[in-house]
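Right, one structure below, let's go through it.
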Amino acid sequence: MIRTILAAFACLAGLAAAESSTTAILSAPIGIAALPVLHEGRVKPFAVAAEEIVLVVAGKTPFGLVAAGAGGERRLAVRVPAADLLVDWWRDPAAWRNRPLVHVPWLALQGELAIPGQWAAPDELGAAQTRIDAVLAERRQAEATGLRRAAGRDEQALVELARRIGATAEALAGRSLLLAPLAPDAAARAWVLETLPPLLERESHAERPWRAQVREAVRRPTANDQDAALARNDPWLTAEDLCLRPDPVLAALVATGQAPADLIELLTAANAWWRAVLGDGDYPAAHARLDAALRARAARRDGELRARGVGSEQVAGYPGPSLIALELAYHRARPFTWAWLAFLAGALVVAGGARDGSPAWRRRLGAGLIVLALGITTAGLGARIAITGLGAVSTLYETLIYVALVTGILALVLWRTLHRPGLAVAGALAAALCAMVGEAIPPEYGASIGQLQPVLRSRFWLWLHVKVVVAAYAPFVLAWALGNLALWRAGHAGRPVANDEARAIYRCLQIGTVLMAAGTLLGGVWADQAWGRFWGWDPKEVGALIVVLVYLVPLHLRYVGWVGATGTAAWAVLGFIAVLWSWYGVNFIQATGLHAYAFGSSNRLDQALVGGAVLAQALLTTWQLVHLRSRS
Amino acid sequence: MPHTACAMPDPGPAAFRSSLDRARGRGPLFRLLAAIGSAPMAAALLVLVSLVAWTATYYEAAYGREAAAALVYQSRWFSALFIGLALAVVCAVAVRWPWKRHQYGFVVVHAGLLTLILGFAFAGRDRLDGLLQAPPGRVVDQIELPADYVALVVQPAGAASAAATQARAVHVQTYDLAGYPSFARFLLSPFWPYQRPGINHLAQPAHLLSLPEAGLTLVATAVADTAAPQPGRAAAEAGDPAVQVALRMRTPGQAVEQRLAGGWLTADADGGQLFVGPLATTFACARDPVLIQAFAHPPASLPADGRLRVVWRGILHDLDIDAAHLPQHLVIGSLTVSVEERILRPRQRDGRLADDPAAEANPVLRLRLHEGDRDTAAWVAAGALLPPLPGDWPELLYEHPLWLAGAGSGQGQGGIAMLLGGPDGVLQVRTATRSRGAGTAAAVAAGGAWSGDVVGGEGSPMRISIDLRWLPRSQTGPDPLDVDPARKDRSERWMELALRHPAGEERRWLPRGGRAAIQLGDRRVVVHYDRARLDLRQSHGFAIRLEHFDEGRDPGGMRSASYASDVSILHADGGAERARISMNQPLHVGGATLYQTAFSPEIGDDGMPTGRQVSVFTVAEDRGRWLKYTGSALIVLGMLLLWWWRPRRTVPAPETVL
């Protein structure tokens, strides 16, 4: 059984390691990856932002050229790094409007729009736009009548497609990436307010985000309000404004010679940078000049924000070069892929050395591999914490990685105290599974480092409540793995589950229940502090409560002999369904309609996979129990 | 059942004596307490609470937070579940007295659980939990509570002093009245689907409040939970005739049928007219059955400029219009009807109608009516009735070949739906298009509905359909929206209240926030229905004013990163102080706590956003808070004690099931 599982793991590892060959479209210069850009409310390396943009548009990275197969079916033929792809989109947007790149994963829409495959060219989506317009009009009408209506699946798909079409247009134009704050201090704001309004009024072509924000700000009735509104809106200039097709309004202002010197320098540096990207000029020098211009301007902005008292914990400042380098290194290293491989290798080696008479070095090597995996995981999570400045346990992805870490540590500690190598094998396998699932799930589950909701921006509570609750999942994961292992071994040997195995499982359940209860009650205290109620029967709260209650049942029934060693193992396995519900189900299965986080056909597939796995596990455990009863 | 005689993990069952074990040989009361406090009872209760709580989250997902709170979490049976749990905890601890050291953890955990449950019970229904909307610069002190409120005020005739006024108000829970399913019914819904009514007519009116000294009782007879925010009309014993009109349009290449505007037309002095794009809908009521007959059976042919049909004293008089020879006069006894002007393609210009060659043909007549020393003037459009004129004047109808035979050759777009209500309660419907002339004709009985195409048909690129609902007598009421319960639609709440008095009863539909004045003889009774509110100044001695709302954003981003409100606290004793309320940093004042909850754009008097934000605070006061905190701390402490003082012996295990 173990061999089968390990073989399956090894197979998956091989698949993940296989890299497809890449052919560059227009190779972006080396070094471009580290350019700091603002994307989705955070300044990050160009390469990271490019991947996130390509993911939103194409649903896949690396992405590249799509070719038609023999049956006309579209498939991805050439893959290139996201940074290269984005630069190529910028270089020739007209050509890319005719190439398939917008991800349309919905089969019904593919059929309706006659798209032979998952990707459509932006110019092919004109027909979709008519339908999207109709759906949006229908929505507006419903809202006008006062009806707050949740969208059906087809409607959601269309709205999501509309979002992707918009994102594609922005990406091709170079508007997805923001580069520099427009008006970082009072002098520059005054300049904007005095100089821009007449030009803004004359402006008629496509609206730019920064211009829309400035226009909103200058409509304020008094100068003070305008100033405050402009500071609040914090408009930034896009890559398009600065480098690709510099905004004529800005260019005109610079031409008057009255613009601030750093703006003139910024525009000049940015133009030279783009020419160097296209091969005209010395790239490293152009990059360094633009980087310096951006930092000079950002330093003025951060100083201004600090002077206004908002640059502290609430609003992240402009990151230093070392943080950009750290994020780039983290992004390139893919530490959690290595971590799960190391966990897996550790489990294999310990399992190989677990038999009596095996040389001790095998166990030591296994332990070393698990420690290495823990080190990599800690470093990866540490990098994420350094990048966000917050707790780094706020998405499904991060919780999976964090649970892998805690499971690994717990397994090592229990191995040391209970002297059973099986604990390390089960723990490392479970940790590998968690980290592997984390790496395998779609990026919308939080692999990219995004923005946090205001309520979550409390380091104190994020560490105290969220980390404790999520840490509680780890002993339950370990108990689940141990339970399965124990039941399998019992069935194999034709005897009830061994007491020392049940003892380890029982320990895990104890630790998990204490952590879960403590974390849930701490959550109550936080909810009382943040929302004004200790307990509100919110589905997530109920999910946590159910986990505590479900695991309390065997802890009670053991006393009266209704649950013994086999029962403890079975409960550890089946009770894990409650953990899965609290962890995944509440957010992704129950949260339909108005509260949905993510949706789409892929989500249905995920749900089917999780549901199928739960059903298979329940059937397997039931069969094992019946089998054990009949044998005894 | 297998017998396993091997070492079991701690805490060793030998150190444990079950409640039932302890009860052996004791009295019946002890045995009962032991049974309640037994581990199997605890396990059963834990499973039951888990299942109920899990299912309740689905109730909440289907019907919303407030409905779930009202019908599940604050229900008596749900409280009973926790009382049972508390009882089991007390019994389990009590039957083990006197406690030994290894039981201290167990006792502390269960004492913590009990304290926690007590904390919830202590706060109970009196716990303050409301919303305070604070527009910038305005002093606010009214908290909206999650309940409804109904008030009755009786003002006797000529009573100038407030002392003579009788009043009573109650808080009411309207979720069960609104047709939300009970939890038990919800459990059956997978097998027996539940369709929640848009308007729930109660089989038994629900008693709300009584004023015995005034001989008045207020009951609820129906509740509408999914109605449009703007008032509609509801059928009534007495009231004005009204037609509900909804228009749908489908154009070629469009997959979805588009809903155009709609609304209620009432036959008041101005007549009811609705113009939506290329379609005009006119509604009027006639007093005379002769005119109704003339409308329902239009002539087969008409002169080129149409015919004016006049009903006076029960007799129909026709005047064929000749636009080239105006004015024309129709003399009926002492009455003279003069056609002064005809405009073929009218357009409003500088406040008056003028002919515009660029406009669509839509002929109108300017009429003057004269009898003795009185006279009046009015415009009447082809296809439309002359709206009822104040005073005793004839009813008129202007028939024109455009709306009877059409302009031919597909010229011109659009059409007209002409609606005429009669004294017999029947609504006559005629439709016509500019290009083809007369379309459908129908008669709709009182309370009935009708649907049909107005524009479109074979070969036509566009189709406009009309849906009608006809109420010969109606009053203001809720307008139920076309809702799909599976899609969790929510909208405004209306309640139909019946005021019972010695001589009968008066019914009125009221939206939340609405009031109705009912005259009962010489008494005036005002009924008021609203959200329950609490005056912070009276209850807690302060009010607040929002000075500044601060929304922090991530750089360049449009999403909120933080929000905070600077407020002035105005104490009842005249003192004032400044404070800042932000996410995770509430403000404690006067025994209540204010939490930053949300914000929304402020809308100015002109209906446009002012650019400033209205801050929304949750105001809460929980007297059970410290019990909850203490209980939580005890539970965690007890769990650690359980671990610390666990028996360390390993002993033979008892018989086990698994």
message: More than 19 angstrom separation, counting every C-alpha pair in the range B:34-124; what % is that?
response: 47 percent
task: Take the Cα pairs of the protein assembly as shown, get the Kirkwood Rh, then feed it into Stokes-Einstein at 20 °C and 1.002 mPa s and tell me D in µm²/s.
output: 58 µm²/s
query: Which FRET efficiency value, to the nearest 0.05, do you get for residue A:123 and residue B:138 by plugging their Cβ-Cβ distance into 1/(1 + (r/R0)^6) with R0 = 51 Å?
result: 0.45
- prompt: For the residue pair residue A:619 and residue B:81, what label-to-label distance in nm results when each label sits 7 Å from Cα along the Cα-to-beta-carbon direction?
  reply: 3.1 nm
message: Taking R0 as 41 Å, what FRET efficiency do you get between residue B:517 and residue B:580 from their Cβ-Cβ distance, rounded to the nearest 0.05?
response: 0.40
message: I'd like to know which of B:121, A:89, B:323 lies farthest towards the positive end of the charge dipole of the protein assembly as shown, counting +1 on Cβ of Lys and Arg and -1 on Cβ of Asp and Glu.
response: B:121
task: Collect residues whose amide H, placed 1.01 Å from N in the peptide plane, falls under 5 Å from the amide H of residue B:172; neighbours closer than 5 in sequence don't count.
output: B:148, B:149, B:150
message: Cα atoms only: what Rg and Dmax, in Å, come out for chain B?
response: 36.0, 120
Label-to-label distance, nm, for residues given as residue B:213 and residue A:419 (7 Å Cα→Cβ offset): 8.7 nm
message: Can you show me the helix-derived [θ] at 222 nm for the protein assembly as shown, built from DSSP H runs with n ≥ 4 at -39,500 (n - 2.57) apiece and divided by the number of residues, rounded to the nearest 500.
response: -13500 deg cm²/dmol
Stokes-Einstein D (µm²/s) once Rh is taken as the Kirkwood radius of the range A:505-566 over alpha-carbon pairs, at 10 °C in 1.306 mPa s: 125 µm²/s
- prompt: What is the gain in length, in nm to one decimal, between residue B:350 and residue B:331 on full extension, counting 0.36 nm per residue of separation less the C-alpha to C-alpha distance?
  reply: 3.5 nm
task: Under 26 Å Cα to Cα from residue A:44, which lysines show up? Leave out anything in the same chain fewer than 8 places away.
output: A:60, A:467
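From the convex hull of the Cα coordinates of the range B:64-167, what is the mean projected area in square nanometres?
Hull-based average projected area comes out at 13.6 nm².
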task: Name the long-range amide H neighbours of residue B:492: under 5 Å, sequence gap of 5 or more, or other chain; modelled H, no Pro or chain starts.
output: B:227
- line: Rounded to the nearest whole number, the per residue volume of the convex hull around the C-alpha atoms of the range A:371-450 in Å³ is 76 Å³
query: Between residue B:358 and residue B:32, how many nm apart are label points set 7 Å from Cα along the C-beta direction?
result: 9.2 nm
task: Can you figure out the FRET efficiency of residue A:629 with residue B:24, using R₀ = 35 Å and their beta-carbon distance, to the nearest 0.05?
output: 0.75
field: Per-residue Cβ neighbour rank within 10 angstrom, fewest leading, A:540, B:100
entry: B:100, A:540
- request: Rounded to whole Hz and in sequence order, give me ³J(HN,Hα) for the range B:368-376 from the Karplus expression 6.51 cos²θ - 1.76 cosθ + 1.60, θ = phi - 60°, writing x for Gly and Pro.
  value: 10, 10, 9, 8, x, 9, 10, 7, 8
message: To make sure I understand, if each residue's beta carbon is the centre and we count other beta carbons within 10 Å, what order do A:492, B:400, B:201 fall in, fewest to most?
response: A:492, B:201, B:400
task: Helix by helix through chain B, keep the DSSP H runs that span 20 Å or more along the axis on Cα and average at least 0.5 on Kyte-Doolittle, and give those back in order.
output: B:39-63, B:76-94, B:104-123, B:625-644
Cβ-based exposure ranking for A:582, B:582, in which fewest neighbours within 10 Å come first: B:582, A:582
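Every number in this text was worked out from the coordinates using simple rules, so none of it is lab data. Source: prediction; values computed, not measured. Counting neighbours? That spans all protein chains shown, and the Cβs are built from the backbone with ideal geometry, glycine included.
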